[in-house]
Amino acid sequence: MIGKDFLKAGHTPTLASAFFYFDMSFMVWVLLGALGVQIAKDLGLDAAEKGLMVAIPVLGGAILRIVNGVLVDRIGPKRAGIICQLVVIVGLLTAWLIGVHSYIGILAVGLVLGVAGSSFAIALPLASRWYPPQYQGVALGIAGAGNSGTVLASLFAPGLANLYGWQNVLALATIPLIVAFIVFVIFAKDAPDQPAPKSLAEYLSVLKIPDAWWFMLFYGVTFGGFVGLSSSLTIYFNSEYGLTPVIAGFFTAACVFSGSMVRPIGGALADRIGGIRTLSIMYMIAAVALVVMSFGLPDVRATLVVIMIGMGALGMGNGSVFQLVPQRFRNEIGVMTGMVGMTGGIGGFYLASSLGLSKQLTGTYQAGFLGFAALALVALVGLTTIKKTWRTTWGAASATLARV
């Protein structure tokens, strides 16, 4: 998967810096989900409010990915990354200094954390532009594996909140962010063949291409499912199985780990057997897992296994989508990463908020899980419909370099 040819093809320090920046950004992006039980208890939140609280950072990250997609093409991914990292670090320290004592206040923190979530639209183009088509799946899989930062939040944030209080965790989170910022400034480097800046009309012109909308749908399901569950599972395990915040965090970390660390495998598998075939398999597995989850298994260990399988499928699906996107939109990778990443965030917002709303209105999470399983099946049908056209047009043109 990673050989000498791959290492010679790109710029390893930039790839590593992109991963580390993405990893730490994702760690804080889902921080409110990891701290959700303690925050909800302190602020007296109901199920719907908890759902919206963990969904707001996801929505903020989704919208800001468009902004970052434009910034990447206008000023380069390194400068855009520096700006966003400073905003998150300063925002968290400010929240810690003045304190957060209301529901509106925690939603405002969520918006700041959304800037961290928008790092997706910076880290992936930063890495992608260094690598030729035949290595896009592996390169973007490695950079995209930075979503493993969500594991760190689930592992450590609840325990630190028990020791020091959840508000102090906001300040503690800036320590690894600052380290990542220093590494990024020193080692990250923009690729020499940066595309020329485009006008606003040129950015929006990609929306006239049907393939762009397909990719937005596909990633809205794979990444939306991954981040929506990552943000919600600590609250879910606490609510449904009575696990303490710390133990619920450990369970969540196991699920998130299974989804994040297989992303490079999904990209590599897509390089080998084709992104369309890999993605189709992942949609089927994810849909089945979500349906099973909707029935609320009585044994938490069985639930853990099912969720890990579902998250693994979604994670590999993420890698599969971004094995395909650079082949179709290499010259527009910055804005397309923003567009596709935006819908991924919107999918996550929908799942996280619908789970909370479902619990509030019906007393169970079933409707939320079934609704997202239906979306996975819609995406599968869409992919089945479009695959022949892709393989006989732009896919055929790149067949000698990468599998579609």
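The values are calculated or read from the model by the stated rules, or taken from the named source; none is laboratory data. As the structure is a computational prediction, the values presented were derived from the model and not from experiment. Neighbour counts run over all protein chains shown; Cβ positions are idealised from the backbone, glycine included. Side chains included, ligands, DNA and RNA excluded: accessible areas come from the protein's heavy atoms. Shrake-Rupley method; radii C 1.70, N 1.55, O 1.52, S 1.80 Å.
Here is how the numbers come out for the structure above:
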| item | result |
| --- | --- |
| Subset of region 50-84 that is in contact (Cβ under 8 Å) with a residue 40 or more places away in the chain and of a type in the set (Lys, Arg) - its residue that is surrounded by the fewest Cβ atoms within 10 Å (Cβ to Cβ) | Arg74 |
| Residue in region 325-341 that is of a type in the set (Phe, Trp, Tyr), open to solvent by less than 10 Å² (accessible area, probe 1.4 Å), part of a helix (DSSP H, G or I) and at negative phi present | no |
| Residues satisfying the stated conditions in region 216-240, i.e. crowded, with 24+ Cβ neighbours inside 10 Å and over 24 Å from Cys255 (Cβ atoms) | none |
| Any hit, region 375-387, residues being more than 30 Å from Val306 (Cα to Cα), open to solvent by 60 Å² or more (accessible area, probe 1.4 Å) and at pLDDT below 95 | no |
| Residue match in region 52-72 (condition: more than 16 Å from the chain's Cα centre (by Cα), closer than 20 Å to Thr337 by Cα and of a type outside the set (A, V, I, L, M, F, W, C)) | no |
| Qualifying positions in region 8-17 - touching a residue at least 60 places away in the same chain (Cβ under 8 Å) and over 14 Å from Pro264 (Cα atoms) | Ala9, Gly10, His11, Pro13, Thr14, Ser17 |
| Matching residues in region 174-184 - criterion: being over 21 Å from the mean Cα position of the chain (by Cα) and open to solvent by less than 60 Å² (accessible area, probe 1.4 Å) | Val183 |
| Residue check for Leu92: in contact (Cβ under 8 Å) with a residue 12 or more places away in the chain, open to solvent by less than 10 Å² (accessible area, probe 1.4 Å) and more than 16 Å from Met336 (Cα to Cα) | yes |
| Residue in region 287-294 that is surrounded by 22 or more Cβ atoms within 10 Å (Cβ to Cβ), at pLDDT 90 or above and hydroxyl-bearing (Ser, Thr, Tyr) present | no |
| Selection status of Leu97, farther than 15 Å from Ile63 by Cβ, open to solvent by 20 Å² or more (accessible area, probe 1.4 Å) and either among the charged types (D, E, K, R) or more than 21 Å from the chain's Cα centre (by Cα) (or both) | yes |
| Residue check, Ala396 at pLDDT below 95, surrounded by fewer than 24 Cβ atoms within 10 Å (Cβ to Cβ) and in a helix (DSSP H, G or I) | yes |
| Positions within region 241-265 being over 24 Å from Gly165 (Cα atoms) and open to solvent by 10 Å² or more (accessible area, probe 1.4 Å), in sequence order | Phe257, Ser258, Met261, Val262, Pro264, Ile265 |
| Subset of region 266-277 (residues that are on the phi < 0 side of the Ramachandran plot and crowded, with 19+ Cβ neighbours inside 10 Å) | Gly266, Gly267, Ala268, Leu269, Ala270, Asp271, Gly275, Ile276 |
| In region 107-120, residue nearest to Thr234 (Cα to Cα) [restricted to those that are open to solvent by less than 10 Å² (accessible area, probe 1.4 Å) and among the small types (Gly, Ala, Ser)] | Gly110 |
| Residue among Val321, Val404 that is open to solvent by less than 30 Å² (accessible area, probe 1.4 Å), outside any helix (DSSP H, G or I) and either free of Cβ contacts under 8 Å to residues at least 12 places away in the same chain or among the β-branched types (Val, Ile, Thr) (or both) | Val404 |
| Matching helices (runs of 4 or more DSSP H) fully within region 1-54 where at least 1 residues are basic (Lys, Arg) | 4-9, 36-43 |
| Qualifying residue in region 21-29 (condition: open to solvent by less than 20 Å² (accessible area, probe 1.4 Å), farther than 30 Å from Arg129 by Cα and modelled with pLDDT of 95 or more) | no |
| Helices (runs of 4 or more DSSP H) within region 189-296 that include 3 or more residues in contact (Cβ under 8 Å) with a residue 12 or more places away in the chain | 210-241, 245-260, 263-273, 275-294 |
